[in-house]
Structures are given as structure tokens and as C-alpha cells.
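Take a look at the structure below.
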Amino acid sequence: MRRVTGARFFGSYVNKIDAKGRLATPALFRRALNLPEENVVYCIPSTEEPCIECGGGDYIDNLMEMIDQLDPFSPKRISLERTIATQMTPLSPDKEGRINLPEPLREHAKLNGEALFAGHVRSFQIWNPDIFEAALGEAKKIASDARLSLRNPTPNGGSA
């Protein structure tokens, strides 16, 4: 994957979901999204986990660039484009930075009263806090092994 400049999302935050389905986006995430200029959060149900994958324009641009690298007639590309184009939901936050999550997204992530925002470096995810704990535990196991594969970068972009 290429190196991308742009938004960075770190940390995890739990916020309440009100009766209308509104959810406050964490302040650090609002700044990373550059909401005063773009005022949109793109959300899509994860194809692999019970969460919502989210990001700003950089997230969509990077995602589309990766898909563009696939053969234009491959079933993988067609399926990815179809899934993204039909399920991507652009949300405009209100003045307080709240997004109104549509019911299908809340159902997919099994959200009920609270949501956990999990930084995912160039994007973020929205989870049911209880479900996220198990997913984080599994990720830590895999990350422990993956860490052993890391190499220091060299000035020209390779690894030492």
C-alpha cells in the first residue's frame, strides 16, 4: 500500500447514541476529518466485522485508488465497487459534530445506546463497545506476532 498524507485517527472513545440515532464524533476525529471544510463523514458497513468503517475524503480517495489497481473486469473489483457504491453513506455532521447514523448501519454494528470510535490510522471504525473488546483482544494476539516482522525504514523508503 502506498504512503498517504492526510487524516490520522488514533485512540478510542465511547459516546452515547441519543434516541434519534445521533452520535457525537470525538473532537480529535472531527479535526482530522477537517469538518469545517469538507463537512462529510463517509460510512460503510464492514464486510468482515460487525462495525462501521468511516473516514473523510482521503479515505475514499485511497480506497478508490486501490480498487482502480484491480483488473476492471475482475469479479473482485466489480464486487468491491458494487458494495462500496451501494452501501457507502455520506453523513453531514451538525454544528456540534454529531452524525445521525441510519438504522441499517446501527443494526450492522449492533449498536444500542453507546458506540466506540476506534482509530484505524487513516480511517476509523464505530463499534459496539462490548464487541470491540473481543476484537481488540484478538488483534493484540496477531499484532504481537506481526510486530516481529517490522523493519526500520531506510531514507529511500525501503527497509533495513
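Derivation of every value follows stated rules applied to the coordinates shown; laboratory data play no part. Predicted model only: the values in this text are computed from it and were never measured. When we count neighbours, we look across all protein chains shown, and the Cβ atoms used for this are built from the backbone with ideal geometry, even at glycine.
Here are some notes:
- Sorted by Cβ density within 10 Å, fewest first, the residues Phe117, Phe73, Phe124: Phe73, Phe117, Phe124
- Within straight-line cross-link reach of Lys110, lysines at Cα separation under 19 Å, skipping those fewer than 8 residues along the same chain: Lys16, Lys20
- Angle in degrees between helix 75-87 and the longest Cα principal axis of the chain, rounded to the nearest 10: 30 degrees
- 0 to 90° range, to nearest 10: angle between helix 129-147 axis and the chain longest Cα axis: 10 degrees
- Exposure proxy order (Cβ contacts within 10 Å, fewest to most) of Val14, Val121: Val121, Val14
- Proximal lysines relative to Lys76, as straight alpha-carbon distance under 17 Å, when same-chain residues fewer than 8 apart are discounted: none
- Nearest 10 degrees, 0 to 90: helix 57-68 Cα axis against the chain principal axis: 50 degrees
- Relative contact order, percent, segment 12-147 [alpha-carbon distance under 8 Å, six or more residues apart]: 35 percent
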